[in-house]
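Here's the structure, in structure tokens; my notes come after.
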Amino acid sequence: MTAPLLTVRDLSVTFPDSNGGLEALDSASFTIYSQEFVCLLGPSGSGKSTLLRILAGLLQPTAGEFVFAGGQPKIGMVFQQATLMPWQTVLGNIMLPLELDGVREEERRARAQELVELVGLQGFEEAWPRDLSGGMAQRVAIARALIHDPDILLLDEPFGSLDALTRERMWTELSRIWQARQKTVLMVTHSIGEALFLADRVLVLSQRPGRIKLDLKVDLPRPRRDDIRYTAHFGRLARKLKEAIE
Amino acid sequence: MSVAPEPCSGVFFDSQPACPVSRPAGLPCEAFFLQAMTTNPTRKHSPLLTRWTALLSLAAAFVTWELVSRYGGLPAFILPAPEQVASRFWRALADGSLLTHTAVTLAEILLGLLAGTVAAMALGYAVAKSRLFERLVAPYLVASQAIPIVAIAPLLVIWFGPGMFSKVLICALIVFFPVLVNTVVGVRAVPRALHDLMRSLRATRGQIIRRLEVPAALPVLLGGLRIGATLSVIGAVVGELVGADKGLGFLVNSARGQYDTALVFVAVFTLIALALALYGAVAWLEKKLLSWQESHA
Ligand SMILES: Nc1ncnc2c1ncn2[C@@H]1O[C@H](COP(=O)(O)OP(=O)(O)OP(=O)(O)O)[C@@H](O)[C@H]1O
Ligand SMILES: [Mg+2]
């Protein structure tokens with residue numbers, strides 16, 4: 001096993017509200033190793049998005065801490081709702097992280113073009129976000145999260161609004177990118193199948209306040225193909241996850 | 001794309017009246033009113049038809065003017081005929097006086113617009129970003145709106161002299177408030193999700209302003225500028241009428257003193273042209289900068 005990239009200790013979050021605070025996350029502890037693909041599963045409201053927001057530095061935890069080995073990492077984040085800048089074209093949106101890093105225009109364009117092809121948006125480079133469907137917008141957001149070669153990808157249900165066919169293509173692509181570029185991924189999903197298809201490990205959060213209820217190693221062989229879901233081992237793992245979520 | 005009326009949570013004042021009409025979701029109340037005031041609700045008509053109606057109504061007004069001045073029995077110092085005004089216009093143009101006065105007024109307007117806009121945007125940004133700062137300055141801002149600029153214009157001319165500076169100041173003051181309000185509304189309306197995105201990418205303060213807040217606030221800001229541009233013409237003329245030795249407002253005053261009513265007409269028409277040109281310039285800017293918006297597509 002590789003070295004830990006992220007260590008999370010007793011992370012708790014309480015949102016202030018009128019009756020004494022809403023506990024969203026309750027002393028979550030886990031470790032993510034470098035180049036690992038981890039999926040985060042849990043019922044709605046269990047604090048999955050909240051956890052990702054903390055790790056991205058968007059939210060202060062009420063208690064606990066988390067440490068990235070090697071200091072502040074570069075983050076590629078896909079939010080639950082596609083957040084595109086409406087005044088930028090598809091290409092402009094994808095290039096944003098490189099622009100902030102001060103990368104030259106030509107290189108920005110070249111890399112953005114590669115990603116446009118990866119997410120299958122050829123011909124829409126100059127389209128405005130208002131003209132995109134939900135799934136297309138989400139693919140732009142995925143391309144944007146990948147372009148600056150981040151150390152860790154934080155994905156919040158990135159394929160939620162895609163059709164089944166595109167989703168499965170994106171699974172394969174994401175697996176490929178993850179392996180080729182040796183990324184570390186923490187991905188929230190609602191789909192047990194998706195988690196088992198992609199992840200090395202699945203963390204299950206309990207009902208609110210979320211605490212880590214199960215940390216399941218997915219020892220399915222790679223590369224995983226579509227028919228892996230019909231194997232007995234896949235079924236066993238799926239059942240364990242299902243029981244943990246309920 | 002309309003929502004039911006909902007109470008506005010205010011800029012500056014917490015107790016604002018609810019919007020009496022439905023407005024597009026996500027558009028703050030203040031911005032909606034400003035837009036409603038400045039956009040043409042009959043946009044549905046074909047542009048050609050609208051243009052022809054406008055021309056026709058202009059022609060009708062012109063003919064009426066011609067007829068009244070010819071058969072109305074009014075002396076020329078009350079109502080000069082169109083051709084008298086035209087020849088006065090050529091004369092004023094030929095001796096260079098019209099251009100000189102127009103240049104002075106235009107300079108006052110542009111400088112005032114620039115100064116007022118820059119100041120309003122800076123202050124508006126601070127107000128939008130800090131509740132504490134808003135509480136500190138809001139009473140003064142609201143109170144300052146109660147002062148009619150027209151009434152304190154003489155005071156400003158007394159203090160700062162009859163030169164250009166006092167007019168620039170009046171323009172700046174008159175432009176200040178609408179631009180300020182729109183800056184606050186625009187900056188506050190930047191979606192939180194986009195702020196999160198920028199922060200997750202470790203964008204610097206300057207990058208957030210340039211890449212996010214300015215473009216996001218631009219539509220509302222330009223709406224404020226459009227109002228400000230028209231108001232600043234009024235500001236300059238008021239200042240010149242109170243006391244000046246140059247400018248179109250001064251020209252109106254001195255022509256009136258000599259019963260040269262045709263020249264008053266010339267000055268007024270020039271002012272109208274100036275105001276329209278400024279308005280058009282801002283509208284052009286909007287079209288150019290906001291091409292990503294549906295309504296400008
Ligand atoms: N900024 C906030 N202020 C107050 N409460 C919040 C805030 N953000 C989240 N919450 C609450 O915290 C809880 C967890 O929210 P979170 O968005 O993390 O859930 P989730 O697991 O991502 O759910 P879903 O699967 O529906 O996306 C919810 O009850 C939510 O209402
Ligand atoms: Mg969520």
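For the structure I just gave you, tell me whether A:Gln207 is within 15 Å of ligand 1 (Cβ to nearest atom), at pLDDT below 90 and out of contact with any Asp or Glu (no Cβ under 7 Å at 6 or more places or on another chain). Yes, satisfied.
Of the residues contained in the range B:210-229, one or more are found to be more than 26 Å from the chain's Cα centre (by Cα) and more than 17 Å from B:Gly112 (Cα to Cα).
Could you go through the range A:124-144 and let me know if any residue there is among the hydroxyl-bearing types (Ser, Thr, Tyr) and closer than 14 Å to A:Leu84 by Cα. Let's see the steps before the verdict.
Within the range A:124-144, the subset among the hydroxyl-bearing types (Ser, Thr, Tyr) is A:133.
Retained after the next criterion (residues that are closer than 14 Å to A:Leu84 by Cα): A:133.
Yes, the conditions are met somewhere in the range A:124-144.
Screening B:Ala217, B:Ala244 for residues that are within 12 Å of another protein chain (Cβ to nearest Cβ), among the small types (Gly, Ala, Ser) and farther than 23 Å from A:Leu59 by Cα leaves exactly one candidate, B:Ala217.
Looking only at the range A:70-94, count every residue that is closer than 30 Å to A:Glu126 by Cβ and away from chain B (no Cβ under 11 Å) and tell me the total.
3
Okay, residues lined up against (1) over 25 Å from B:Phe165 (Cβ atoms); (2) surrounded by fewer than 16 Cβ atoms within 10 Å (Cβ to Cβ); (3) touching a strand residue (DSSP E or B) at 6+ places or on another chain (Cβ under 9 Å):
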residue	(1), (2), (3)
B:Thr105	no, no, no
B:Glu108	no, no, no
B:Val142	yes, yes, no
B:Val150	no, yes, no
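I need the full set of residues from the range A:52-69 which are within 14 Å of another protein chain (Cβ to nearest Cβ) and out of contact with any helix residue (DSSP H, G or I) (no Cβ under 6 Å at 6 or more places or on another chain), in order please.
Selection gives A:Leu52, A:Arg53, A:Ile54, A:Leu55, A:Gly57, A:Gln60, A:Phe68.
Of A:Val90, A:Val78, all but one fail to be within 16 Å of ligand 2 (Cβ to nearest atom), buried (at least 22 other Cβ atoms within 10 Å of the Cβ) and of a type in the set (Val, Ile, Thr); the exception is A:Val78. Kindly provide the set of residues from the range A:148-193 that are farther than 18 Å from A:Pro73 by Cβ and touching a Phe, Trp or Tyr at 6+ places or on another chain (Cβ under 7 Å), ordered by number. Answer for the range A:148-193, where residues must be farther than 18 Å from A:Pro73 by Cβ and touching a Phe, Trp or Tyr at 6+ places or on another chain (Cβ under 7 Å): A:Arg167, A:Met170, A:Trp171.
Picking from residues in the range A:36-68 that are within 22 Å of A:Lys217 (Cα to Cα) and part of a loop (DSSP other than H, G, I, E, B), the one that is farthest from ligand 1 (Cβ to nearest atom) is A:Glu36. On the stretch given as the range B:72-95, residues that are at pLDDT 90 or above and loosely packed, with under 11 Cβ neighbours inside 10 Å total 2.
With the structure loaded, tell me whether B:Leu285 is away from chain A (no Cβ under 14 Å) and either at pLDDT 95 or above or under 15 Å from A:Trp87 (Cβ atoms) (or both) or whether it fails that test.
Working: away from chain A (no Cβ under 14 Å): yes; either at pLDDT 95 or above or under 15 Å from A:Trp87 (Cβ atoms) (or both): yes.
Here the answer is yes, as B:Leu285 does meet what is asked.
Under the condition of being touching a residue at least 60 places away in the same chain (Cβ under 8 Å) and surrounded by 20 or more Cβ atoms within 10 Å (Cβ to Cβ), the residues counted in the range B:253-269 number 5.
The residue that is farthest from the other protein chains (Cβ to nearest Cβ), counting only those in the range A:4-24 that are loosely packed, with under 15 Cβ neighbours inside 10 Å, at negative phi and within 15 Å of ligand 1 (Cβ to nearest atom), is A:Asn19.
The values are calculated or read from the model by the stated rules, or taken from the named source; none is laboratory data. Computed from a predicted structure; not experimentally measured. Note: ideal-geometry Cβ built from the backbone for every residue, glycine included; neighbour counts use all protein chains shown.
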